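What follows is a single structure, written as structure tokens, with notes after it.
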């Protein structure tokens, strides 16, 4: 048996003083007494003995020497040869997804997974190494390979559940990389199995643990033989199996799996709500879907869903207000046909609560002041009057002072110097500082259209009859929104520092544009563009997503992301995140320098991007902050809503009784620990059988 510290055997020299104490002869003192009667009696009982006659307590001496020998061996740290050759490396992967918060096992599936992982760490031997990996969208190594059990246990205790989806494959691949080609490596995954079957049934030997009864699952080929190793890490990787510790049972649940809202083009103040509810259970269920805007009820929809049914509907509503739309599932009960059955109740039908609520953000519609200067056009005037968000003023001449908070529409007559602010010019007659009227385009054919511009959303001008249009020569190159085959622009966007400017060169009196549905949509798009309201849809993101946005160009202001629970994290302004764009555009100078990305967003609710004041404390309420942008984050994952594991019961082949390793599970501590325990045991025995009797 090899020893880590052989020099410790020098401590065996302590046996000499131990033996010396046993053979030590006590010298008596000379004391004058009045009589020798009593001393004669003592002398007869304890006559003088030789030094070898003092080994009367031989068993006690042997016990003391044996105790010393065990302590010396313990200090020398012995180990068996196989312990250095069969060191195990283990990667523990913990699934913190939303479905792991189901409370069908003890407090929750997640707490059971944490307890099972702690049990695995306790069963590690001293020479074994382990790592902890979190199975999120981007796998996170909580702690790298180490043999320090307290560090591993503290790391497991620090893991918190999320509302994200299950991502096992990236975490398993990362675990294999951490193991490398170690001959005794193993990946152990703690999950509830609520994921795609392809992530659970791999080409490797796999072990499943249902609750406290692990079972072995081995995937096979269609012919029935074991499938070959398909890993990209070489043939040696076959020695590193993947085991799944499956936690939880097949639990019924109902949840909101999709929730989005957007503004419509049919109604300038209208909006649409798309919502889906799934019944992921074996029983029929009824519930009530309550939708509110800024806590004001909008609609209540009664639902009755069959087992496995998914209900989807689009609801149309109208409101100029924007804000937060909230959908909630309430009054979840068994369907009336099953009301008398004892097998179903409201708790069994709803095993998860994080998918019972969803959010969406709705853009606000603001009243816009519009000053229309025109010699007279009934269609042009009516298209603005029909817009309930427009406060229209019509004039034939120029005012003495130009309004600073209104959109000015010039029809035909334009000033020589285009005023600052938001300006929309239609069929200009005279020259200005931005263009020169060069003549008339007869029957222009529109072939070019800026499809990517929000100004051209849901508009087609290639089929519009335009007998006549203005030929304009711009002083600076505009952005062509609609152009002709000859290269002339009939609808342009002019970039200037004093305000936004649009120029439409179509003669409305001769063209049929005013009679087409494209005309009110064109005007509506222009008004939204002037008011920076081109965001008809602010999509609600699923958990685990990244949110990319553009910050206002203000270098003196810092920004923070505020989670639904109120946690604030700073955002690095002016940070271009080009990786989310097309790779070919990474060298493009047109990419905004203040493009930022936050995430992954693993908490459900409404996230806010807020401005930070220099003197604002970090724990101040978010209501005092100026909100720059909001984004709703929902679970929106049918596989997380379905709390039934993906692995079929027929694929399970063999049961086991414990979740620890079957080989050498008893030898989890070093040998010196056992030798030290034996030494203290001999000390206790020696005291009990000898020293205690002597004292008594």
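Data overview
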read-out	value
Residue satisfying all of: in the range 147-162; assigned to a loop (DSSP other than H, G, I, E, B) and exposed (fewer than 15 other Cβ atoms within 10 Å of the Cβ); modelled with the lowest pLDDT among these	148
Residue match in the range 75-88 (condition: in a helix (DSSP H, G or I) and either at pLDDT 75 or above or in contact with a strand residue (DSSP E or B) (Cβ under 9 Å, 6 or more places away or on another chain) (or both))	yes
Positions within the range 163-192 being part of a loop (DSSP other than H, G, I, E, B) and either at pLDDT 90 or above or in contact with a helix residue (DSSP H, G or I) (Cβ under 6 Å, 6 or more places away or on another chain) (or both), in sequence order	163, 165, 168, 181, 183, 192
Test result for residue 491, in contact with a strand residue (DSSP E or B) (Cβ under 9 Å, 6 or more places away or on another chain) and outside the structural domain of residue 420 (by TED's automatic domain parsing)	no
Lone qualifier among 526, 482 - being buried (at least 20 other Cβ atoms within 10 Å of the Cβ), closer than 30 Å to residue 596 by Cβ and in contact (Cβ under 8 Å) with a residue 24 or more places away in the chain	526
Unmet requirement for residue 282, which otherwise passes all of (1) modelled with pLDDT of 90 or more; (2) within 20 Å of residue 334 (Cα to Cα)	(1)
Considering residues of the range 292-350 that are at pLDDT below 85 and closer than 21 Å to residue 634 by Cα only, the residue farthest from the chain's Cα centre (by Cα)	349
Residue among 439, 376 that alone is surrounded by fewer than 12 Cβ atoms within 10 Å (Cβ to Cβ), at pLDDT below 90 and part of a strand (DSSP E or B)	439
Candidates 538, 516, 470, filtered to the one that is under 30 Å from residue 640 (Cα atoms) and crowded, with 17+ Cβ neighbours inside 10 Å	538
Qualifying positions in the range 485-497 - under 18 Å from residue 439 (Cβ atoms) and loosely packed, with under 11 Cβ neighbours inside 10 Å	485, 486, 487
Residue selected from the range 125-137 under the condition part of a loop (DSSP other than H, G, I, E, B) and in contact with a strand residue (DSSP E or B) (Cβ under 6 Å, 6 or more places away or on another chain), by the criterion surrounded by the most Cβ atoms within 10 Å (Cβ to Cβ)	135
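The values are calculated or read from the model by the stated rules, or taken from the named source; none is laboratory data. Every value quoted in this text rests on a predicted model; they were computed, and no experiment measured them. Don't worry about glycine lacking a Cβ; one is built from the backbone with ideal geometry, like all the others, and counts go over all protein chains shown.
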